[in-house]
Amino acid sequence: MFNSAQKDKFAPIILSIRLKKMYNWQYKEWANFTYDKKLISEQTLDFMANIEATDTLFQGLSADEQQEEIIRSMISEAVKTSEIEGEYISRNDLMSSIKNKLGINKIPENVRNRRAVATANLLVSVRNANMDRLTEAQIKQWHQILFENSGTVKAGKYRTGETPMQIVSGAIGRETVHYEAPPSYRTAAEMKQFVKWYNSFIIKDKIDILIKTSVAHLYFESIHPFEDGNGRIGRAIAEKCIAQSLGKSVILSLSSVIEKNRSDYYNALKKAQSTLEITEWIVYFAQVIAEAQIQAADMVKFTLQKATFFDKFGKQINQRELKALEKMFEAGIEGFQGGMTASKYMNINRISKATATRDLQHLSEIGSLTEQSGGRSVHYLLNLPDSEMTDKL
């Protein structure tokens, strides 16, 4: 027993021991996750309804438009998965890299940004392996692709060393540890068990698709097998899981949804990594998947609207106007930031202000752009017509 003086002396230590955080992998039952399947049914209905709607829309696209939509989805995922990790990569570099990798560019374009090339190569590789059995070699290969020639990360190798792998935030000396992964010596065994679990999980119904995907992402992120890139590889595994479970490739970007509410994602993940009862996590991640599918449907609608737009106005516009309109459409459903102005139009086409003003007035008169006024500035927005396909949905 401690006397009063000893209690005062050791109180902080005793309190620290009592409050010591338990991580999911420290439980005896790890990794036997439990959850209430009934609570996930609503998200499943939403997800499957949106999958079917997106498929209907996608089939209404031409072959070229379908390819364009796939590329746009991959670019969105590439941009957002990088932003989550604090990296910002040019959409143009990503587009060129993806088209190079897919063989669309007959003469490959030179892309100097190595991160853009690596990220694009990863996404194409994951998509090509959507229906393949998951293996450790495949996961290591994805990591190798992502960090090839990085010089700072051991590409394609699990982490080593005795230093704990921790997720921390805060200033140096005042860090808050949100999660600590299993020690490095356990990583290889943990990954073997993870891959075994993934391949042995049987999809019995539609709810199981969301359950398997949610657990797969949490399970992988909890092991945290690499020095860096775990988030990007983990999201890639989740998207592979969806496609493989459905038996077909899908157009969606989980990172786009996660990046919008990054703090919600990290809070949900932190909470789930302290327990084996993960119903709340699955409900959260199922909502992310469902929202990503809604976004995908909106993107396909946008492509259909673009096709209808050029069917209606294509014969009425000149090459300068076409170039500017294509630039506006490249911005996607988020819209061309700030709208089209005379100065932007001048820069795009390298022309005089008088010509730019005349072209923009023409585009407004035929109804392809709508004029918006704000103080001294005038800008123009796309006037998107509904296609017959989107009218029916």
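Using the crude model of +1 on Lys and Arg Cβ and -1 on Asp and Glu Cβ, and no other charge, please compute the dipole size for the range 57-183 relative to its Cα centre, in debye to 20.
In debye, rounded to 20, the range 57-183 gives about 340.
Express the carbon and sulfur contribution to the solvent-accessible surface of the range 278-393 as a percent, rounded to the nearest whole number, probe 1.4 angstrom.
C and S fraction of accessible area: 48 percent.
Would you mind pulling out the separation of the Cα centroids of the range 142-177 and the range 261-291, in Å?
22 Å
With a 10 Å radius around each residue's Cβ, average the other Cβ atoms per peptide and rank 277-283, 69-75, 145-151, highest first.
With the highest mean Cβ count within 10 Å placed first, the list reads 69-75, 277-283, 145-151.
Charges on Cβ only, +1 for Lys and Arg, -1 for Asp and Glu, centred on the Cα centroid of the chain; of ILE317, HIS217, GLY86, which one is farthest towards the dipole's positive end?
Positive-end residue among those listed: GLY86.
Taking amide H atoms as placed 1.01 Å from N in the peptide plane, list the residues 5 or more away in sequence, or in a different chain, whose amide H sits under 5 Å from that of LEU369.
The list, which skips near neighbours in sequence, is SER364, ASN383.
Rounded to the nearest 500, what is the 222 nm mean residue ellipticity of the chain from helices alone, with -39500 (n - 2.57) per DSSP H run of 4+ residues and division by all residues?
One gets -19500 deg cm²/dmol as the mean residue ellipticity at 222 nm.
Could you compute how fast the chain diffuses translationally, taking Rh as the Kirkwood radius over C-alpha pairs and applying Stokes-Einstein at 4 °C with viscosity 1.567 mPa s? Give it in µm² per second.
So the translational diffusion coefficient is about 55 µm²/s.
Between helix 230-246 and the chain, what is the angle of the helix's C-alpha long axis to the longest principal axis, kept within 0 to 90° and rounded to the nearest 10?
70 degrees
Once the Cα atoms of helix 187-200 and of the chain are each reduced to a long axis, what angle between those two axes, in degrees from 0 to 90 to the nearest 10, is obtained?
60 degrees
Hey, what angle do you get for helix 4-19 against the long axis of the chain, alpha-carbon based, 0 to 90 degrees rounded to 10?
With rounding to tens, the tilt is 50 degrees.
Compute the convex hull volume of the Cα atoms of the range 176-253, divide it by the residue count, and report the result per residue in Å³ as a whole number.
103 Å³
If the viscosity is 1.002 mPa s and the temperature 20 °C, what Stokes-Einstein diffusion coefficient in µm²/s follows for the range 278-347 when Rh is the Kirkwood radius over Cα pairs?
147 µm²/s
Summarise the accessible area of the range 45-195 (1.4 Å probe, protein heavy atoms) by the percent that is carbon and sulfur.
49 percent
What is the sum of charges around ILE75, taking Lys and Arg as +1, Asp and Glu as -1, for the other residues whose C-beta is under 13 Å from the C-beta of ILE75?
That sum, taken over residues with Cβ under 13 Å, equals -1.
With no solvent and one point per C-alpha, what does the Debye sum give as log10 I(q)/I(0) for the range 25-156 at q = 0.11, 0.17, 0.21 Å⁻¹?
-0.58, -1.09, -1.25
Step through the table entries LYS106/LYS212; LYS196/LYS271; LYS99/LYS353; LYS270/LYS327; LYS206/LYS270; LYS101/LYS353, compare each Cα-Cα distance with 32 Å, and write down the pairs that go over it.
Over 32 Å apart, Cα to Cα: LYS106/LYS212; LYS99/LYS353; LYS270/LYS327; LYS101/LYS353.
Averaged per residue, what accessible area in Å² does the chain show with a 1.4 Å probe, protein chains only?
Counting only protein heavy atoms, the per-residue value for the chain is 52 Å².
Using θ = phi - 60° and the Karplus form 6.51 cos²θ - 1.76 cosθ + 1.60, what ³J(HN,Hα) does each residue of the range 157-170 get, whole Hz, x for Gly and Pro?
Calculated HN-Hα couplings, in order: 10, 5, 5, 9, x, 9, 5, x, 8, 10, 9, 10, 9, x Hz.
List the trypsin sites (Lys or Arg not before Pro) within the range 103-170 that fall in a DSSP loop (any state other than H, G, I, E or B) and whose Cβ has at most 10 other Cβ atoms within 10 Å.
Here the trypsin sites (Lys or Arg not before Pro) that fit, given the DSSP loop and packing criteria, are LYS106, ARG112, ARG133.
How compact is the range 149-288 by the rule of thumb for globular proteins, expressed as Cα Rg over 2.2 N^0.38 Å?
Its radius of gyration relative to the 2.2 N^0.38 Å reference: 1.09.
Between TYR179 and residues 5 or more places away or on another chain, which pairs have amide H atoms under 5 Å apart, with H built 1.01 Å from N, and which residues are they?
Distant-sequence amide H within range of TYR179: ILE167.
Antiparallel versus total DSSP beta bridges in the chain: what percent is that, nearest 5?
Antiparallel bridges make up about 90 percent of those DSSP assigns within the chain.
The values are calculated or read from the model by the stated rules, or taken from the named source; none is laboratory data. Predicted, not measured: the structure shown is a model, and the values here were computed from it. As a convention, Cβ positions derive from the backbone with ideal geometry for all residues, glycine included, and neighbour counts pool all protein chains shown. Accessible surface areas use protein heavy atoms only, side chains included; no ligands, DNA or RNA. Shrake-Rupley method; radii C 1.70, N 1.55, O 1.52, S 1.80 Å.
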